[in-house]
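Accompanying notes for the structure given below.
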Amino acid sequence: MGKSTAEFMPVNVAVLTVSDGRDASNDTSGDYLRAAAREAGHVVVDHAIVGEDVQVAIVNGGTGFNAKNVTPEALQPLFDREIEGFGELFRMFSFEDIGGSTLQSRAVAGIANGTLIFTLPDSMK
């Protein structure tokens, strides 16, 4: 087998630790993952620690209509059930402020493993 000719392309990485027993002083696995990503040449853009007792997750952004916005596609496969009508209701309220531009919003919601997940646009309008 020959050497790969693919050029290394660093990516932006966000590390999310989900644990009710970790904080900034003892997140050893999160610390390790961030260091390993940096050592491999990637850029760690953010990290967070979230407790496991979460009933609702709100994901803000990535719902637009261009090819870079893939939040709905990333999260919908995780849903056990989609909350039918959420996107339509969201767009109905948005229509009052932004008119037809609301069609660009792909807000969706569902439930996954007992947690409600809402995806919303990152625009305040």
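Here are the numbers for the structure shown:
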item	result
Residues whose placed amide H lies under 5 Å from that of V59, excluding near-sequence neighbours	F118, T119, L120
Net +/- balance of residues flanking V108 in space, Cβ distance below 15 Å, scoring K and R +1, D and E -1	-3
Virtual spin-label span in nm between N66 and V11, 7 Å along Cα→Cβ	2.1 nm
Residue among A112, P72, I83 farthest towards the positive dipole end of the chain, charges placed on Cβ	P72
Choice from V44, V18, V54 showing the highest fluctuation, given a GNM over the chain with Cα pairs closer than 10 Å	V44
Placed amide H near H47: partners under 5 Å, 5+ positions off or other chain	V15
Estimated 222 nm signal from helices in the chain, with DSSP H stretches of n ≥ 4 weighted -39500 (n - 2.57), rounded to 500	-7000 deg cm²/dmol
Net charge contributed by nearby residues that have their C-beta within less than 12 Å of V44 (K/R +1, D/E -1)	-1
Electrostatic dipole magnitude of the stretch 1-122 [Cβ: Lys, Arg +1; Asp, Glu -1; Cα centre; debye, to 20]	460 debye
In sequence order, calculated HN-Hα J values of the stretch 75-88 (Karplus, 6.51, -1.76, 1.60; Hz; x Gly/Pro)	9, 4, x, 7, 5, 6, 8, 8, 8, 4, x, 4, x, 5
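Since every read-out is calculated from the coordinates, none of them should be taken as a lab result. Note that the structure is predicted; figures quoted are calculated from it, not measured. Please note: Cβ atoms are built from the backbone with ideal geometry, for glycine as well, and neighbour counts cover all protein chains shown.
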